[in-house]
Amino acid sequence: MTDYGNIVERYRLQLDKALLHFEYSLKKIAQLPTHPDQLDEESLETWESFSSRFSRVVDLFLTKYLRARVLENDPGFRGSVRDFANQGEKLGLLSSADQWMALRELRNIEAHTYEDDLEKFLGLLKKSAPLLRNLRSLIP
């Protein structure tokens, strides 16, 4: 029998560490511009680090931590990431599955961002950052 309690704890610790890195990067981008013409190489590198850390937190939460929490409650549950998010919402583990799926979409487009979309993408990351900062309230 799978010990989901230990699995959940392992992912919680990983998520906590990822959130520390994310918050560090968030402080670094707080005053950076989002328009590509205003970004030098150092600023771009800082934004790329933030984007990567944003994606890692979203990934860890949805595909590892939330999945383990749902399975801890119902070991027979099967489905897609969307199904696990919906189930997590039903269990009160997150307030909005749609909101988290939108964050996952940001994570998915990270690798496909072109300069035309860069300002919009960076703005969306910055706007969505408070949702990830509040993640600690979802992980006991």
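The values are calculated or read from the model by the stated rules, or taken from the named source; none is laboratory data. Note that this is a predicted model, so its numbers are computed, not measured. When we count neighbours, we look across all protein chains shown, and the Cβ atoms used for this are built from the backbone with ideal geometry, even at glycine. Side chains included, ligands, DNA and RNA excluded: accessible areas come from the protein's heavy atoms. Shrake-Rupley method; radii C 1.70, N 1.55, O 1.52, S 1.80 Å.
Miscellaneous remarks
- Take Thr63: with every protein chain present and a 1.4 Å probe, its accessible area is about 40 Å².
- C-alpha long axis of helix 41-59 to longest principal axis of the chain, angle in °: 10 degrees
- In this simple spin-label approximation, His21 and Gln38 carry label points 7 Å from Cα along the Cα→Cβ vector, and these lie 2.8 nm apart.
- Region 24-106: relative contact order as a whole-number percent, Cα under 8 Å and 6+ apart: 24 percent
- Compared with the dominant principal axis of the Cα atoms in the chain, helix 81-90 is inclined by about 70°.
- Phi angles across region 96-106 convert, under the Karplus curve 6.51 cos²θ - 1.76 cosθ + 1.60 with θ = phi - 60°, into 3J(HN,Hα) values of 8, 5, 4, 4, 6, 5, 5, 5, 5, 5, 4 Hz, Gly and Pro given as x.
- Computed over neighbours whose Cβ is under 11 Å from that of Ala18, the net charge equals +2, Lys and Arg +1, Asp and Glu -1.
- Ignoring lysines fewer than eight residues from Lys17 along the same chain, the ones with Cα atoms less than 18 angstrom from its Cα are Lys27, Lys28, Lys64.
- Placing +1 on the Cβ of every Lys and Arg and -1 on the Cβ of every Asp and Glu, with no other charges, gives region 1-130 a dipole of roughly 720 debye about its Cα centre.
- For the chain, accessible area per residue (1.4 Å probe, heavy atoms of protein chains only), Å²: 59 Å²
- Under the Karplus curve 6.51 cos²θ - 1.76 cosθ + 1.60, θ = phi - 60°, whole-Hz ³J(HN,Hα) for region 14-26, x wherever Gly or Pro sits: 5, 5, 4, 5, 5, 5, 4, 5, 4, 5, 4, 5, 4
- Selection of trypsin sites (Lys or Arg not before Pro), region 17-99, meeting DSSP coil and at most 12 other Cβ within 10 Å: Arg78
- FRET efficiency estimate (nearest 0.05) - Cβ-Cβ, Glu105 to Asp83, R0 22 angstrom: 0.85
- Helical mean residue ellipticity (222 nm; -39500 (n - 2.57) per DSSP H run of 4+; nearest 500) of the chain: -22000 deg cm²/dmol
- In sequence order, region 122-133 has phi-based couplings of 5, x, 5, 4, 4, 5, 7, 3, x, 4, 6, 4 Hz under the Karplus curve 6.51 cos²θ - 1.76 cosθ + 1.60, θ = phi - 60°, and Gly or Pro positions carry x.
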